[in-house]
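The values are calculated or read from the model by the stated rules, or taken from the named source; none is laboratory data. All figures in this text were calculated on a predicted structure; none of them were measured in a lab. Note: ideal-geometry Cβ built from the backbone for every residue, glycine included; neighbour counts use all protein chains shown.
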């Protein structure tokens, strides 16, 4: 696989605009190329804003999910290019897995690469995985796999992927009231300006009744409740179920575990707890 090194981080506004206006020829195979950003330095101001918004401690440790934010523009750039087999606009983030190999700090200089793999049929369309690898001085320190679904004519016999674990139940460990502008707040720290998150007006144009929270914000906010345990060497896996409509009120449910055992969390709608937004595990 060839590697293309970019000289600057892609701006997501133009990427989404380019995808929205169309005119892109669809290919049948994934591009045999990875995109790379070399020697990326963490802006401590941006890091602090992210930590406050997602419930992490305000220090120099990079949260479990933070390298995803740094690599996300490369994902979007790759999927918006001419010939990518799935349309960027309308993709649904359905699953994510992250492995942190060692604690990362704002002093680390990061090399980030992204490639696509596992284009596959799904009962509701087709899926693709975007794989992000972060290195420091040639050492792989962080890996992420984001699975996206393009809705369309599906294959009823196609696999749905790994099934999530049993959902934790019981009384909520926390209840959060989410403001209507949460999507815009997270967009400012992540660069993810997907219209479905920005306002009710733009979300309705994409088929949603109101703006929805970023899945990666809900993922990060849940992990933030686990404290330092989530930022050292660990592996997390999240399954996104129903979108969180904004404004909204959600409940965090946790399954009690012994120290060192797998943690299991779920996010559900406060007024209708049968509506599950995500299930998450951390090893």
Looking at 248, 227, 183, which one is surrounded by fewer than 15 Cβ atoms within 10 Å (Cβ to Cβ) and touching a residue at least 60 places away in the same chain (Cβ under 8 Å)?
227
Quick test for you: out of 153, 160, 145, pick the one residue that is in contact with a strand residue (DSSP E or B) (Cβ under 9 Å, 6 or more places away or on another chain), surrounded by fewer than 20 Cβ atoms within 10 Å (Cβ to Cβ), touching a residue at least 24 places away in the same chain (Cβ under 8 Å) and part of a strand (DSSP E or B).
145
Residues in the range 262-279 that are in a strand (DSSP E or B) and closer than 11 Å to residue 252 by Cα total 10
Restricting the range 50-80 to residues that are without any contact (Cβ under 8 Å) to a residue 60 or more places away in the chain, out of contact with any helix residue (DSSP H, G or I) (no Cβ under 6 Å at 6 or more places or on another chain) and surrounded by fewer than 17 Cβ atoms within 10 Å (Cβ to Cβ), the residue that is nearest to residue 218 (Cα to Cα)
52
Hey, does the range 197-207 have a residue that's buried (at least 18 other Cβ atoms within 10 Å of the Cβ), at pLDDT 90 or above and either touching a strand residue (DSSP E or B) at 6+ places or on another chain (Cβ under 6 Å) or within 24 Å of residue 239 (Cβ to Cβ) (or both)?
yes
Residues that are touching a helix residue (DSSP H, G or I) at 6+ places or on another chain (Cβ under 6 Å), buried (at least 20 other Cβ atoms within 10 Å of the Cβ) and either under 20 Å from residue 39 (Cα atoms) or at pLDDT 95 or above (or both): does the range 102-112 have at least one?
yes
With (1) in a loop (DSSP other than H, G, I, E, B); (2) modelled with pLDDT of 95 or more; (3) closer than 20 Å to residue 130 by Cα as the list, and residue 28 as the residue in question, which single condition is left unmet?
(2)
Across (1) touching a helix residue (DSSP H, G or I) at 6+ places or on another chain (Cβ under 6 Å); (2) buried (at least 22 other Cβ atoms within 10 Å of the Cβ), residue 93 clears everything bar (2)
Residues in the range 194-239 that are touching a helix residue (DSSP H, G or I) at 6+ places or on another chain (Cβ under 8 Å) and either within 17 Å of residue 69 (Cβ to Cβ) or not in a strand (DSSP E or B) (or both) total 25
Index of the failed condition, residue 48 passing every other in (1) within 18 Å of residue 192 (Cβ to Cβ); (2) modelled with pLDDT of 95 or more; (3) not in a loop (DSSP other than H, G, I, E, B):
(1)
Given (1) in contact (Cβ under 8 Å) with a residue 60 or more places away in the chain; (2) buried (at least 21 other Cβ atoms within 10 Å of the Cβ); (3) more than 22 Å from residue 128 (Cβ to Cβ), residue 47 misses just (1)
Looking at residue 220, is it surrounded by 19 or more Cβ atoms within 10 Å (Cβ to Cβ) and over 20 Å from residue 73 (Cβ atoms)?
no
